[in-house]
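The values are calculated or read from the model by the stated rules, or taken from the named source; none is laboratory data. Given the structure is predicted, the values throughout are model-derived calculations rather than measurements. Positions of Cβ are backbone-derived with ideal geometry, glycine not excepted, and every protein chain shown enters the neighbour counts.
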Amino acid sequence: MRKLITPVIASLASVVIIAGCSSQSNTATVDTSPKALPADIAAKPIELFVGQDLGAVGGLDGYDQGYVDYFGVPSGVTVYTSLKDLEGLEQKVNYGAGDNHANLYLESEAFNGVDIAMGLYLVDQLDDINSGKLDNNISKLASWISKSDRTVYLRIGYEFEGSWNGYASGDYKQAYRRIVDGLNELNVENVEYVWQSSGYEEDRDELLSYYPGDTYVDWVAYSYFNHDPKLAGQEMLRIARERGKPVMIAELTPRGYNLMLDDGKKTWDSWFKPLLNHLKENQDVIKIIAYINADWDSQPMWKGQGGRYTSPIKPVYR
């Protein structure tokens, strides 16, 4: 396996630390004045999570060319599962996007205290969730999270408004609330509920039509790929400030850049520097970023959809 880390990513991790230092209904009238974050969250620097497969993260037997092998453990790692099958938690799976097996992190001393951002895939499952058919799996998920002995940031139906997911807003909200209610009824205390958009949709009314309510959302999140950094997540950031919610950039990578052919300067100047400016300008609310440290062009699911993101490049910037 090729080395997956670039000096550019090391710079990102360093600057993140520096940057970090320096229930109402959708139809009701909302007070849009900014609200302060909880003091304990506001005081934290921006944390770096890394994913989104075992090879990209590294630091485990059989996975020794990832981020951890060159830079140490990050604050958190990213995993994926679906409510229907709960795959990738207790058994290894690979659907063409790298190996996933969340239990390996729980079993490794190297990852003690490392949090988890869990993408919960809900495509073609909303009816079964809302009918109660998947209630048993909600209970199983609750048990897994409780036993993980770390904070799990649960990204419920991530990129909710993306046309590729096909979520109707009413069905999505109902399913989201049922999952949260189910975990709360089972007294899961180490979970944070994350409401994540794609970052592309900036129609405020459209976004809010998916909002499950303040009591159901702990974190507001969005994706950041080849977005305009001045526009990326603009409405989500606004919504977060209005409601006093911290923000996670839950999927982050320079999509469309082939780092195998780049000396580092082009990618740094056109993607990383604007990203770091975006973080600096919004560090009052952005508290977690989750970097996708994967060579997507080597993975069947993503091949041809955006280039190679983390292959070795000339160390122009450190």
Report summary line: Asn187 vs (1) on the phi < 0 side of the Ramachandran plot; (2) out of contact with any helix residue (DSSP H, G or I) (no Cβ under 7 Å at 6 or more places or on another chain): all pass except (1)
Report summary line: Among residues of segment 52-103 being farther than 18 Å from Leu120 by Cβ and of a type in the set (S, T, N, Q), the residue surrounded by the most Cβ atoms within 10 Å (Cβ to Cβ) is Ser75
Query raised in the report: So which residues in segment 186-207 are surrounded by fewer than 15 Cβ atoms within 10 Å (Cβ to Cβ) and part of a helix (DSSP H, G or I)?
Result: Arg204, Asp205, Glu206
Query - Filtered residues of segment 208-239 (kept if assigned to a helix (DSSP H, G or I) and either closer than 19 Å to Asn282 by Cα or under 18 Å from the mean Cα position of the chain (by Cα) (or both)) - result: Tyr216, Gln234, Glu235, Met236, Leu237, Arg238, Ile239
Requested in this report: Go through segment 56-78 and give me each residue that's hydroxyl-bearing (Ser, Thr, Tyr) and under 20 Å from the mean Cα position of the chain (by Cα).
Outcome: Tyr67, Ser75, Thr78
Report summary line: Across segment 97-116, the tally of residues that are over 18 Å from the mean Cα position of the chain (by Cα), closer than 27 Å to Tyr176 by Cβ and among the small types (Gly, Ala, Ser) stands at 0
Query - So Glu242, is it assigned to a helix (DSSP H, G or I) and over 28 Å from Ser82 (Cβ atoms) - result: yes
Query raised in the report: Quick check: anything in segment 117-139 aromatic (Phe, Trp, Tyr), in contact with a Ser or Thr (Cβ under 6 Å, 6 or more places away or on another chain) and either surrounded by 16 or more Cβ atoms within 10 Å (Cβ to Cβ) or farther than 26 Å from Gly182 by Cα (or both)?
Result: yes
Requested in this report: Please identify the pairs in which a residue from segment 158-185 that is surrounded by 16 or more Cβ atoms within 10 Å (Cβ to Cβ) has its Cβ atom under 7 Å from the Cβ atom of a residue that is of a type in the set (Gly, Ala, Ser) and modelled with pLDDT under 95, counting only partners at least 6 apart or on another chain.
Outcome: Glu159/Ser198; Glu161/Ser198; Gly162/Ser198
Query raised in the report: How about segment 88-112: which of its residues are at pLDDT 95 or above, over 15 Å from Trp144 (Cβ atoms) and of a type in the set (A, V, I, L, M)?
Result: Ala110
